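Beneath this line is the structure, given in structure tokens, with notes to follow.
The values are calculated or read from the model by the stated rules, or taken from the named source; none is laboratory data. Note that the structure is predicted; figures quoted are calculated from it, not measured. Methodologically, a virtual Cβ is constructed for each residue, glycine included, from the backbone with ideal geometry; neighbour enumeration extends over all protein chains shown.
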Amino acid sequence: MKASELKQIIKPLIKECLKEVLVEEGFTKMLSEATKTQPVIQQIRKVEKDNLQEITAQKNSLRELQENKKKMLNSIGKSGFDVFAGTEPLKEDVQIKGSDPGVDINGLMNDNKAIWNKMLNAMDGKKGSNK
């Protein structure tokens, strides 16, 4: 048998065998790569899901805070008016120091006791007396 005849017979067989090996090897490599990346994809999806749940929880928490604030302001009769708008908490304790003693209120009850009694009785729904 001549070399050219042998080449014509063997070449298609080798070509077919190589195709088979490449397909099988390539396919198994693709499968192994896919199985390697599958846990990574699952982890990415889990992180995305966790982030979405966290964002939703933060939005719900903010919504609850706003609703509670609105309820509180409505309960004090301000119809949603923010009493503390534009205010900031003190950064440190501030104590008033000075020599001003303030106003002496010790004498308020002494001479005006009857007036105070009438006022207190009126506030209680009782009729004031002229004693």
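Okay, here's what the table says:
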{"item": "Condition check for E92: at pLDDT below 75 and either surrounded by 10 or more Cβ atoms within 10 Å (Cβ to Cβ) or of a type outside the set (K, R) (or both)", "result": "yes"}
{"item": "Residue match in segment 102-124 (condition: in contact with a Lys or Arg (Cβ under 8 Å, 6 or more places away or on another chain), at pLDDT below 75, of a type in the set (G, A, S) and on the phi < 0 side of the Ramachandran plot)", "result": "no"}
{"item": "Test: residue in segment 20-31 that is modelled with pLDDT of 80 or more and in a helix (DSSP H, G or I)", "result": "yes"}
